[in-house]
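FYI, it's all coordinate maths here, none of it is from the lab. Source: prediction; values computed, not measured. Positions of Cβ are backbone-derived with ideal geometry, glycine not excepted, and every protein chain shown enters the neighbour counts.
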Amino acid sequence: MKLDVLVAEIGSTTTVVNGFWLGKDACFAGSGQAPTTVLDGDVNIGLMNAIDDLKQILGADKLSYNELMATSSAAGGLKMTVHGLVYDMTVNAAKEAALGAGANIHMITAGKLRPAELAKIVKIRPNIILIAGGVDYGECETALFNAREIAKINLDVPVIYAGNIQNRDEIKQIFNESGMKVYIVDNVYPRIDQLNVEPTRKVIQEVFEEHITHAPGMAKVREMVGGNIIPTPAGVMEATKLIAEKLGDVVTIDVGGATTDIHSVTDGSEEISRIMIAPEPTAKRTVEGDLGVYVNVRNIIDLATKDWLCKELGITSTELEELIYDYKPIPKTPGEKAFVEKLTSVACRTAIERHAGDLIDVYSTSGRKKAARGKDLTAVKYIVGTGGALTRLPGRRDILKDIISISKATKLLPHSDAAVLIDNHYIMAAVGVMNKTHPEYSIEFLRQSLRLDSLPAASD
């Protein structure tokens, strides 16, 4: 059996491969999985095992393919550190760019780097260092100081500079003299009232792909993968952007074992935009590292409270303790599934409330006025569920419908008329990377997975 495209999602613990047929009868063929073999020093072993699993699922004696692409969060994913001038301005803009590109941010600093912070960068050993700071033709010295200090520690790590354009020539000189690779990008915060994160996001993904072989255990990925390699969260964001382009404002919720990610693509409502006190990116990603339904299950239990869980599940405290003690990454029994559904509901509600902005009171000489800050989700038309929990649990639609029932007057949350969609084939990350070379088919595969006949074709 021959597939047209195979997309591997190489995670820290599991490698999944998704197969697709293109052409007139384009469709999703199926998926296989196997443990990721980063610790063995060769992720190709896990990749081949996942392909063998797909071969058995499809009932094929042999399995070949024309193209192999990949997303990766193995070896810690795309580890970045971000260094800017003022946290609420350039640092925040740089953070938005990095998160939207699928990065895992391990360190954020504002102002001039101190010795202890430089030592921490060395310990983290990021895949990419992002330096920002200063609006165009504004403050110059902080970014230059940070560049000099980072150059001194001389890590074999690429640097992206996305700050004040006046510094570009000096930044190039600093890193060229140190032997560190530097990429110069448009300022992420060129003016007080403007964010410009997309150019930096694009370069982050390109640098990640170029330097992916530097990550432990990833050296042989490029040997097999002839197509694109992007961070897995970036694939989900690209698919979310595609949905927004064809359908309208959207938020995607990705609940995993270690984190819950929210991806939103919306400019918000005109009403809220008139009172917004600081710019927000159209496409925004937030990562809640304490809301994973397996690795961080204890955190979610604490948020929910045991009394609430017992009441919602209709069980005793003893029965709840048994569920917690026996907790597995994949629930099997109806009781286990009901338990994970409650945990997933809490993770979703908490994550989207953190992602959404707020209405606030601002006081001036003319009195009190209403203002808004943060991401406005009030214009969102669709809420999409992806990730293991929201594509496999029986009550996944109800979990997402529950979000639009959240009643908090000051939160800029989706309204009750937002429609719920499910990534039934669990392929949004795969579709995101495929969209770079096969946009017309990406739309078709999303249509099939979301079970939405009205999704326009790429040519529309």
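Ranking request for peptides 113-121, 136-144: highest mean number of other beta-carbon atoms within 10 Å first, then the rest in descending order.
Numbers: 113-121: 14.0, 136-144: 17.9.
For the peptides 113-121, 136-144, the packing ranking is 136-144, 113-121.
Determine the relative contact order of region 78-214: mean sequence separation of Cα pairs under 8 Å and six or more apart, normalised by residue count, in whole percent. Could the numbers behind the result be given before it?
Values: 296 pairs, mean separation 36.8, N = 137.
The normalised contact order for region 78-214 reaches 27 percent.
Quick one: length gained pulling D402 to Q56 fully straight, 0.36 nm per residue minus the C-alpha distance? Don't skip to the end; give the middle numbers.
Values: separation 346, 0.36 × 346 = 124.56 nm, distance 3.80 nm.
Full extension from D402 to Q56 adds 120.8 nm.
Trypsin sites (Lys or Arg not before Pro), restricted to region 174-267: which are DSSP loop and have at most 16 other Cβ atoms within 10 Å? Display every interim value, and only then the final one.
Numbers: sites: K181, R191, R201, K202, K220, R222, K241, K246; in loops: K181, K220.
Passing both the DSSP loop test and the Cβ count: K181, K220.
Can you give the FRET efficiency to the nearest 0.05 for K123 and T365, using r as the Cβ-Cβ distance and R₀ = 35 Å?
Details: r = 49 Å, r/R0 = 1.39.
With a Förster radius of 35 Å, E is 0.10.
In debye, nearest 20: dipole of the chain around its Cα centre with unit charges on the Cβ of K, R (+) and D, E (-)? Don't skip to the end; give the middle numbers.
Numbers: 50 positive and 59 negative charges, 102 e Å.
Taking the Cα centre of the chain as origin, the dipole is about 480 debye.
About the Cα centre of region 232-450, how large is the charge dipole given +1 on each Lys and Arg Cβ and -1 on each Asp and Glu Cβ? Please answer in debye to the nearest 20.
Working: 28 positive and 30 negative charges, 65 e Å.
Roughly 320 debye for region 232-450.
Name the residue from I121, V420, V293 whose Cα lies farthest towards the positive end of the charge dipole of the chain, charges +1 on Cβ of Lys and Arg and -1 on Cβ of Asp and Glu.
After comparing all options, I get I121.
Per 0.36 nm of contour for each residue apart, how much would the distance between F145 and M107 grow if the chain were fully extended, relative to their Cα-Cα spacing?
On the way: separation 38, 0.36 × 38 = 13.68 nm, distance 1.78 nm.
Stretched fully, the F145-M107 segment lengthens by 11.9 nm.
With n ≥ 4 as the cut-off for DSSP H runs, can you work out [θ] at 222 nm for the chain, using -39500 (n - 2.57) per run divided by the number of residues, rounded to the nearest 500?
On the way: 17 runs with 176 residues, N = 460.
Here the helix-only value at 222 nm equals -11500 deg cm²/dmol.
Just the number, please: percent antiparallel of the DSSP beta bridges in region 232-450, rounded to the nearest 5. Don't skip to the end; give the middle numbers.
Values: 20 of 31 bridges.
Restricted to region 232-450, the bridges split so that about 65 percent are antiparallel.
Tell me the label-point distance for the pair M1, T333, using the 7 Å Cα-to-Cβ offset, in nm and rounded to one decimal.
About 3.4 nm, to one decimal.
Would you mind getting me the FRET efficiency between R447 and R392? Use the beta-carbon distance for r and R0 = 22 Å, nearest 0.05.
Values: r = 20 Å, r/R0 = 0.93.
Approximately 0.60, to the nearest 0.05.
Using a Förster distance of 25 Å, how high is the FRET efficiency between A409 and I192, based on the Cβ-Cβ distance and rounded to 0.05? Could you put the intermediate results ahead of the total?
On the way: r = 29 Å, r/R0 = 1.17.
After rounding to 0.05, the efficiency reads 0.30.
At 7 Å along Cα-to-Cβ for each site, give me the label-to-label distance between Y137 and I277 in nm.
It is 2.8 nm.
Quick check on the chain: of the DSSP beta bridges with both residues there, what percent are antiparallel, nearest 5%? Show your work: numbers first, answer last.
Working: 35 of 74 bridges.
So the antiparallel bridges amount to about 45 percent of the total.
If you average the sequence gap of Cα pairs under 8 Å that are 6 or more apart and divide by the length of region 143-291, what percent do you get for the contact order?
15
Only loop residues by DSSP count here, and only those with at most 13 other Cβ atoms within 10 Å; note down the trypsin sites (Lys or Arg not before Pro) in region 328-419 that meet that. Intermediate values should be presented prior to the final figure.
On the way: sites: K332, K337, K342, R349, R354, R368, K369, K370, R373, K375, K381, R392, R396, R397, K401, K408, K411; in loops: K332, K381, K408.
Passing sites in region 328-419 are K332, K408.
Taking only the alpha carbons of region 1-118, what extent do you get along each of the three principal axes, in Å, biggest first?
If we take the Cα atoms of region 1-118, the spans are 60, 37, 17 Å.
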